[in-house]
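Structure, as structure tokens:
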Amino acid sequence: MGHYCWKCGQYLANEKFSGKGHARHICKKCMAEERAHRRQILKEKRERGEMPELKLKPVSQEVIDYVENNIIPRYAAFDKAHQESHVRMVIEQSIKLAEHNPAMNSDMVYIIAAFHDLGLVNGRENHHKDSRTILEADEFVKSHFTRKQIVTMGRAVEDHRASNQKKPRNGYGMIVAEADRFIEADTIIRRTIQYGLANYPKLDKAGHYQRTIEHLNEKYGPKGYLKIWIPWSDNARNLKKLHVLLTDKKKLVEIFNRIFDDEDE
């Protein structure tokens, strides 16, 4: 059994239809082409100045103040790789990515980024799940967002972890996961060294170098477990550059020595 697609004029099987727009019976392929055409028309109108450019709504001052006074200070208790500079970077990158989709709720984006690593208070192993629990139990969050929004934010926080091989369950999760992956060689190597110094104090410099290289290849290498969920992001381009760097042992040693000596002081 199937339906007639009034747009392409073909009689197609049920699975060729999404189930949406049933009144018109348009197949998935034609529906996608129609949406792409509408997006192109809107883009051309904006370029001609016939429509205002859509922009992400600014984050409310109330949310910013709460995060500044009550959330960011908690990161001072974590290792150097997950302190204030890290959470601020994730917030900044999250907002930057969200600007590509003005329909996003900027307050939700901000809260998700701010809460994403709070679960480290209970250790690293389940921090993504603990962070979700902390977010969903927060009284400010419960008083400023709907239950549906809180579930969406909770899932996003839980899905942010780099070792997660499954695609985040919503767009907010994709944003915070991408922001948390901020790929820049010096930053990644520094955070790896910071974590190593805090958690493996018995290792000498050579041991930390070996651990750093193993971590970089395991996570960021061509066969690493890190997933990039937004293919047009800066991360996607920078990951390719990092792959090249991982083949340059001389350059890696130079960068490691510079950063390690700085951190070991």
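The values are calculated or read from the model by the stated rules, or taken from the named source; none is laboratory data. Keep in mind that what you see is a predicted model, and the values were worked out from it rather than measured. For neighbour counting, all protein chains shown are included, and Cβ atoms are generated from backbone atoms with ideal geometry for every residue, glycine included.
Which residue pairs have Cβ atoms closer than 9 Å, lie 6 or more positions apart in sequence or on different chains, and pair a first residue in region 197-218 that is without any contact (Cβ under 8 Å) to a residue 12 or more places away in the chain with a second residue that is of a type in the set (D, E, K, R)?
Pairs that qualify, where the first residue is without any contact (Cβ under 8 Å) to a residue 12 or more places away in the chain and the partner is of a type in the set (D, E, K, R), are TYR200/ARG211; LEU203/ARG211.
So ASP65 clears everything in (1) of a type outside the set (S, T, N, Q); (2) in contact (Cβ under 8 Å) with a residue 12 or more places away in the chain; (3) out of contact with any helix residue (DSSP H, G or I) (no Cβ under 8 Å at 6 or more places or on another chain) except one condition, right? Which one?
All conditions are met except number (2).
Looking only at region 100-113, decide whether some residue is crowded, with 21+ Cβ neighbours inside 10 Å, out of contact with any Ser or Thr (no Cβ under 6 Å at 6 or more places or on another chain) and of a type in the set (Gly, Ala, Ser).
no
Is one or more of the residues making up region 167-175 more than 21 Å from GLY224 (Cα to Cα), part of a helix (DSSP H, G or I) and either among the hydrophobic types (A, V, I, L, M, F, W, C) or not assigned by TED's automatic domain parsing to the domain that holds TYR209 (or both)?
There is at least one residue in region 167-175 that is more than 21 Å from GLY224 (Cα to Cα), part of a helix (DSSP H, G or I) and either among the hydrophobic types (A, V, I, L, M, F, W, C) or not assigned by TED's automatic domain parsing to the domain that holds TYR209 (or both).
Which one of the conditions (1) at pLDDT 95 or above; (2) under 16 Å from the mean Cα position of the chain (by Cα); (3) aliphatic (A, V, I, L, M) does ALA162 fail to meet, given that it meets all the rest?
(1)
Modelled with pLDDT under 90 and either touching an Asp or Glu at 6+ places or on another chain (Cβ under 6 Å) or closer than 27 Å to VAL141 by Cβ (or both) - does that describe any residue in region 70-80? I'd like the intermediate steps shown before the answer.
Taking region 70-80 as the starting set, the residues that turn out to be modelled with pLDDT under 90 are 79-80.
Those still in the list that are either touching an Asp or Glu at 6+ places or on another chain (Cβ under 6 Å) or closer than 27 Å to VAL141 by Cβ (or both) too: 79.
Looking for residues that are modelled with pLDDT under 90 and either touching an Asp or Glu at 6+ places or on another chain (Cβ under 6 Å) or closer than 27 Å to VAL141 by Cβ (or both), one finds at least one in region 70-80, hence yes.
So, LYS57, is that one loosely packed, with under 14 Cβ neighbours inside 10 Å and either assigned to a loop (DSSP other than H, G, I, E, B) or of a type in the set (Lys, Arg) (or both) or not?
Values: loosely packed, with under 14 Cβ neighbours inside 10 Å: yes; either assigned to a loop (DSSP other than H, G, I, E, B) or of a type in the set (Lys, Arg) (or both): yes.
Yes, satisfied.
Hey, any hits in region 87-96 for a residue that's surrounded by fewer than 14 Cβ atoms within 10 Å (Cβ to Cβ) and among the aliphatic types (A, V, I, L, M)?
Going residue by residue through region 87-96, those that are surrounded by fewer than 14 Cβ atoms within 10 Å (Cβ to Cβ) are 92.
Next, from what is left, pick out any that are among the aliphatic types (A, V, I, L, M): none.
No: zero hits.
Determine which member of the set VAL151, VAL157 is outside the structural domain of VAL244 (by TED's automatic domain parsing), assigned to a helix (DSSP H, G or I) and over 16 Å from the mean Cα position of the chain (by Cα).
Only one candidate qualifies: VAL151.
Are any residues in region 99-126 without any contact (Cβ under 8 Å) to a residue 40 or more places away in the chain and in contact with a Gly (Cβ under 8 Å, 6 or more places away or on another chain), and if so, which ones?
Correct list: ASN126 only.
Go through (1) buried (at least 19 other Cβ atoms within 10 Å of the Cβ); (2) of a type outside the set (Lys, Arg); (3) modelled with pLDDT of 95 or more; (4) over 19 Å from GLN83 (Cα atoms) one by one and return the number of the condition MET174 breaks.
It fails just one condition, (3).
Specify the residue that is nearest to SER163 (Cα to Cα); the eligible residues are those in region 223-265 that are assigned to a helix (DSSP H, G or I) and among the polar types (S, T, N, Q).
Per the criteria, the residue is ASN235.
Residue check: is TYR195 modelled with pLDDT of 95 or more and more than 12 Å from the chain's Cα centre (by Cα)?
So TYR195 does not fit the description; no.
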